[in-house]
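Have a look at the structure below, then the notes.
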Amino acid sequence: MKLQELKRIIVAQSEEIKQKLEKEKIIKREVDFKEFRKYLSHPNILAILGIRRCGKSVLSWQILKKENLFPYINFDDERLAEFDTHDFDKLLQSFYELYGEFEYVVFDGIQNVAGFEFFLNRMRRTKKVIITGSNSRMLAGELSTRLTGRYIDFTLFPFSFREFLKFNNFTFQKEDFYSTKKIGLLKRMLEEYLKTGGLPEGYLFGREILVRIYQDILDKDILRRYKVKKKATFKQFCKYLISNTASEFSLNRLKNVFGVKDIHTLRNWLTFLEEAYLIIVLERFSFKLKEQMIAPKKVYCMDSGLINVIGFSFSEGIGKMIENVVAIELLRRKSYWKGNSEIYYWKDYRHNEVDFVVKEGNKIKQLIQVSYDIQNFNTKEREIKNLIKASKELKCDDLLVINWDYEGIETLKEKEIKFMPLWKWLLQ
């Protein structure tokens, strides 16, 4: 690429994101900014990963807010389609000409350039580098080998319910948890959050932008990157999984559904969707690793707004939508709060099921059941029965039922069970 053209792109991109920060509503994410700065206190690399359009670029600028000037470039730009490894020296020269000496630098979507890991390895020796990407595979292979112990990775999720409330100027305090009016308003906001999801652009541009983001994930992050041959079948496979959010699936069964001869093809497709942060797959818990590996899995979508426009509507599957939000929140807390928990689901041979098993080390810390209408006697009886069975088998006494309305503590068969409304659990 020509040097002057490269400089024009750098300036244009920086102006665009500065304008975004000045004109659009930007909220401070629920992450540890001090910890990020500590990671960058020595020449090092901070990798911010996550689903496309969840706010990774803005977060990188927020981290470097105290810095007056720093180079930034986004490789997810059609003007940089021909950029290759031979252009990295020109890029570096452009940075110095535009910014003079600099300490920090941000590379957005650098995985689009083949051989980028060699350049990053050179840069991190003298600069403090932030990279962002919408595919977890960028940390595999050469980058992982060359930068062992020299980078920290962090997964950014779409907005939490707390962040959603901040974005909508909805404030609350502890005493508001006892206000009938405030609780009513919170539940109304929660319905909107379930429908819209947590991708910031969904609040600005609505349903159409969520469809566009979904298509970009499939086309840019998967189909082009991995050169998937059966494109139409792959898209059907993806839509099927999202439409069956919070449900069990088996690749052996889906192989027949989609007429795919080799199960390894479906296994690869599933991995691609996970690496693009579009879906989350939970394993069934078992103390026997082999049983855990061969058992059916459960699938969740990274954002409830995408479920609402691609899978099923809010009114059709509110129970599944609530379970999906709980799954993502559990994983968000693990990522943001540096937890060492592992998340599973549980099911025995009689098909008694518990939605979430939270494991820490060798101990089962908590069992969580999710249900929309716990006021229904049959539903409540079923959920409690399954929790007690799992409690005895897994030797765990921290039992929680997350539901829409009911809060309380009940004791049955010497087991104490907590009931908590979804809005309150999300605000913890």
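The values are calculated or read from the model by the stated rules, or taken from the named source; none is laboratory data. On a predicted model such as this, the values are computed, not experimentally measured, just so you know. Here the Cβ positions follow ideal geometry from the backbone for every residue, glycine too, while neighbour counts run over all protein chains shown.
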**OP:** Using the structure shown, decide if residue 198 is touching a residue at least 40 places away in the same chain (Cβ under 8 Å), in a loop (DSSP other than H, G, I, E, B) and of a type in the set (Gly, Ala, Ser).
**Re:** yes
**OP:** Determine, yes or no, whether residue 166 is farther than 29 Å from residue 309 by Cβ and in contact (Cβ under 8 Å) with a residue 24 or more places away in the chain.
**Re:** no
Subject >> Extreme residue, surrounded by the fewest Cβ atoms within 10 Å (Cβ to Cβ), among residues of the range 342-371 that are of a type in the set (Phe, Trp, Tyr) and modelled with pLDDT of 95 or more >> reply: 344
Original post:
Quick check: is even one residue across the range 212-232 in contact with a helix residue (DSSP H, G or I) (Cβ under 8 Å, 6 or more places away or on another chain) and closer than 25 Å to residue 422 by Cα?
Top reply: no
Original post:
Pick from the range 374-389 the residues that are loosely packed, with under 15 Cβ neighbours inside 10 Å and in a helix (DSSP H, G or I): which of them is modelled with the lowest pLDDT?
Top reply: 377
Original post:
Looking at the range 164-184, is at least one residue modelled with pLDDT of 95 or more and either assigned by TED's automatic domain parsing to the domain that holds residue 404 or crowded, with 20+ Cβ neighbours inside 10 Å (or both)?
Top reply: yes
**OP:** Return the total of residues in the range 169-178 being touching a Leu at 6+ places or on another chain (Cβ under 9 Å) and either more than 13 Å from residue 424 (Cβ to Cβ) or without any contact (Cβ under 8 Å) to a residue 60 or more places away in the chain (or both).
**Re:** 3
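Residue-by-condition table, conditions (1) in contact with a helix residue (DSSP H, G or I) (Cβ under 9 Å, 6 or more places away or on another chain); (2) aromatic (Phe, Trp, Tyr); (3) over 21 Å from residue 225 (Cα atoms):
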| position | (1), (2), (3) |
| --- | --- |
| 241 | yes, no, no |
| 246 | yes, no, yes |
| 249 | yes, yes, yes |
| 254 | yes, no, yes |
| 258 | yes, yes, yes |
| 261 | yes, no, yes |
| 264 | no, no, no |
| 272 | yes, yes, no |
| 293 | no, no, yes |
Original post:
Only one of (1) part of a helix (DSSP H, G or I); (2) over 14 Å from residue 273 (Cβ atoms) fails for residue 233. Which number is that?
Top reply: (2)
Subject >> Only one of 7, 90 that is surrounded by fewer than 20 Cβ atoms within 10 Å (Cβ to Cβ), modelled with pLDDT of 95 or more, in the same structural domain as residue 115 (by TED's automatic domain parsing) and in contact with a Lys or Arg (Cβ under 9 Å, 6 or more places away or on another chain) >> reply: 90
Subject >> Of the criteria (1) among the hydroxyl-bearing types (Ser, Thr, Tyr); (2) buried (at least 20 other Cβ atoms within 10 Å of the Cβ); (3) under 22 Å from residue 337 (Cβ atoms), which one residue 214 fails >> reply: (3)
Original post:
Does the range 20-34 contain any residue that is closer than 24 Å to residue 209 by Cα, in a helix (DSSP H, G or I) and among the acidic types (Asp, Glu)?
Top reply: yes
Original post:
Got at least one residue in the range 211-228 being assigned by TED's automatic domain parsing to the domain that holds residue 363, modelled with pLDDT under 95 and touching a Ser or Thr at 6+ places or on another chain (Cβ under 7 Å)?
Top reply: yes
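The rows are residues; the columns are (1) in contact with a helix residue (DSSP H, G or I) (Cβ under 6 Å, 6 or more places away or on another chain); (2) among the basic types (Lys, Arg).
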{"residue": "363", "(1), (2)": "no, yes"}
{"residue": "367", "(1), (2)": "yes, no"}
{"residue": "370", "(1), (2)": "yes, no"}
{"residue": "383", "(1), (2)": "no, no"}
{"residue": "391", "(1), (2)": "no, no"}
{"residue": "399", "(1), (2)": "yes, no"}
{"residue": "407", "(1), (2)": "no, no"}
{"residue": "411", "(1), (2)": "no, no"}
{"residue": "420", "(1), (2)": "no, no"}
Original post:
Which ones in the range 101-147 are exposed (fewer than 15 other Cβ atoms within 10 Å of the Cβ) and closer than 21 Å to residue 157 by Cα?
Top reply: 140
Subject >> Residues being of a type in the set (Gly, Ala, Ser) and in contact with a helix residue (DSSP H, G or I) (Cβ under 8 Å, 6 or more places away or on another chain) - total across the range 71-109 >> reply: 1
Original post:
From the residues in the range 390-428 that are assigned to a helix (DSSP H, G or I) and in contact (Cβ under 8 Å) with a residue 60 or more places away in the chain, which one is farthest from the chain's Cα centre (by Cα)?
Top reply: 394
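This table checks each residue for (1) charged (D, E, K, R); (2) surrounded by fewer than 15 Cβ atoms within 10 Å (Cβ to Cβ).
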position: 46; (1), (2): no, no
position: 56; (1), (2): yes, no
position: 67; (1), (2): yes, yes
position: 84; (1), (2): yes, yes
**OP:** Can you give me the ranges of the strands (runs of 3 or more DSSP E) entirely in the range 268-373 with at least 3 residues that are in contact with a strand residue (DSSP E or B) (Cβ under 7 Å, 6 or more places away or on another chain) and among the aliphatic types (A, V, I, L, M)?
**Re:** 279-282, 353-360, 363-370
